[in-house]
Amino acid sequence: MTAGKDPIPPYFNIDPAKAAARLSEPISTARFAKAAAFAAKGRQDLAKRGYAPDGKKRLRRFSTWEICKYLIPVAPAHFRRVLKKYPDLPQGVGEGNSKWFTLEEVLRLRQHFAAEGAADREYLPWRPKGLPAKIVAVSNFKGGTSKTTTTAHLAMSAALDGYKVLVIDLDSQGSLTSIMGGDVPDEWSTAFPLLAKDYAQAVQGENTVRAAADLPPLPFDETLTEALNTRARDIIQPTHWPNIDLMGAQLNLYWAEFQIPVWRMGLRSWSLWDALSNALSGERILDDYDIIFLDTPPALGYLTINALAAADILLVPLGASFLEFDSTGRFFDMLYSTFASIEEGENAVRRADGLPEVKFEWDAVRALITRFDAGQQTDLANVIQAYFGDFMTTYRQELTAMVGQAGEQVNGIYEADYREFNRDTYVRGRETFDRTWAEVKELILGTWYRDLQTSPQEETDNG
Ligand SMILES: Nc1ncnc2c1ncn2[C@@H]1O[C@H](COP(=O)(O)OP(=O)(O)OP(=O)(O)O)[C@@H](O)[C@H]1O
Ligand SMILES: [Mg+2]
């Protein structure tokens, strides 16, 4: 045996004097500006070297194989016969039997099959006429639980299914906005002005009352005046997906977290939690879409409260780990106390004024296990499942290398070209998100159906 000495771990024998000598002067706020300026320069440099996504995102084409397997339930031979019979239909590009189609073309083909194809096949997804879009919020105050990934994949699977989708990014990190290739120069292209507009309208109402009582009006600044002139449809932008639109986010949206409580202090009767809801229903955005997905920041701030109050369905993604289970339990606790205290505060006033009481209600709430590793986490996931019971989806969204390795241009499984992966990896990776969508779609269809039963007016609308 050699008598070689084991090296001592690196955290022993640190000399305090030398450590002090290596330090810079204490950091003042100005130093952050310098760091930001350097990062901006570095960003330009990286962009020049081709690291940044340049310009517009483009959605890839879809092959005959994919269309027949995943998008339109027809056999490939029949699909080819139909294309031959109707030369006006999109014919696709490429050599041989496998043609490639844009999603616009797939949507057109889908319409054709729905009109001409077998009556017992589901070519178009079910959607009751006359009912508003379903709003699905994806939320958890724990960070990194796959909120954004889940939202993006759900939006894309709903779009592939043929639904018209709006995604609203309420996280000032803007990850969902980047995935959707959004262009958001400042807060005026985010949900911020819609929230401001709701407050501005409340102030206008209050000022009419005050004028009648000879009281001085509440202040009305430039932001509020400008907000009054913004419309949700001007903020919503198209994306590289023909049937997904985006209301984006960027850093300045975070300002809403400071501004909303200040507004509320100025006017206690303003229902700050209803601002987004009011914007979506007041401007009839709910009639333009089938499904609206809301991605929220990892916090229970005012933006998240607005998302939750607007939502019909709430999804709470969490990993199958002790810490994520624990903090998700607390999240439910916070949801309870936040919304119960709003109800209590409001209803005290409303009872006194003889007004109907507010009661928050969701069509369905589901915790959803994400990034699941069956080899390591099955026991823990089973325990979590037992405690959440029917508050939890039955399917666990699996960890897949295909999400992690998404490049700048391609995000997630539905945008990736299957030819770049081993076929089994692709099929399994895709299946995990398809099954999440299937479970969420079941909730959406079920709640629409239930609405139809309880809404006699809509039944007459449908003839
Ligand atoms: N099924 C999956 N397989 C592998 N990696 C995944 C999967 N789902 C999410 N991830 C990865 O986990 C990380 C966190 O995901 P994501 O950004 O969606 O979480 P988040 O909850 O939106 O985070 P934040 O709280 O910061 O908004 C990302 O790097 C994402 O690529
Ligand atoms: Mg996120």
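The values are calculated or read from the model by the stated rules, or taken from the named source; none is laboratory data. Only a predicted model underlies this, so the values are computations on that prediction, with no experimental measurement involved. So basically every Cβ, Gly included, is an ideal-geometry build from the backbone, and we count neighbours across all protein chains shown.
Summary table below
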{"item": "Criterion: over 20 Å from Ile179 (Cα atoms), of a type in the set (Val, Ile, Thr) and not in a strand (DSSP E or B) - qualifying residue of Ile413, Ile384, Ile369", "result": "Ile384"}
{"item": "Selection from the range 60-97 of residues that are assigned to a strand (DSSP E or B) and either modelled with pLDDT under 95 or within 17 Å of Glu415 (Cβ to Cβ) (or both)", "result": "Phe62, Ser63"}
{"item": "Top-ranked residue of the range 166-215 - restricted to ones that are within 16 Å of ligand 2 (Cβ to nearest atom) and part of a helix (DSSP H, G or I), ranked as surrounded by the fewest Cβ atoms within 10 Å (Cβ to Cβ)", "result": "Ser175"}
{"item": "Strands (runs of 3 or more DSSP E) fully within the range 236-342 counting 1 or more residues that are in contact with a Phe, Trp or Tyr (Cβ under 6 Å, 6 or more places away or on another chain) and either touching a residue at least 40 places away in the same chain (Cβ under 8 Å) or among the polar types (S, T, N, Q) (or both)", "result": "291-295, 313-319"}
{"item": "Single residue of Thr328, Thr378 found to be buried (at least 16 other Cβ atoms within 10 Å of the Cβ), of a type in the set (Val, Ile, Thr) and more than 16 Å from the chain's Cα centre (by Cα)", "result": "Thr328"}
{"item": "Flag for Arg430 being away from ligand 1 (no atom under 16 Å from the Cβ), closer than 23 Å to Ile179 by Cβ and of a type in the set (Lys, Arg)", "result": "no"}
{"item": "Subset tally (residues that are near ligand 1 (Cβ under 8 Å from one of its atoms), farther than 16 Å from Glu439 by Cβ and not in a helix (DSSP H, G or I)) for the range 140-163", "result": "5"}
{"item": "Criterion violated by Gly181 - all others in (1) within 16 Å of ligand 1 (Cβ to nearest atom); (2) at positive phi satisfied", "result": "(1)"}
{"item": "Given (1) within 21 Å of Lys164 (Cα to Cα); (2) at pLDDT 90 or above, number of the condition Lys57 does not satisfy", "result": "(2)"}
{"item": "Any hit, the range 115-126, residues being among the small types (Gly, Ala, Ser), touching a helix residue (DSSP H, G or I) at 6+ places or on another chain (Cβ under 9 Å), away from ligand 2 (no atom under 16 Å from the Cβ) and in a loop (DSSP other than H, G, I, E, B)", "result": "yes"}
{"item": "One residue from Ala386, Ala406, Ala401, Ala348 being at pLDDT below 95 and within 16 Å of ligand 2 (Cβ to nearest atom)", "result": "Ala406"}
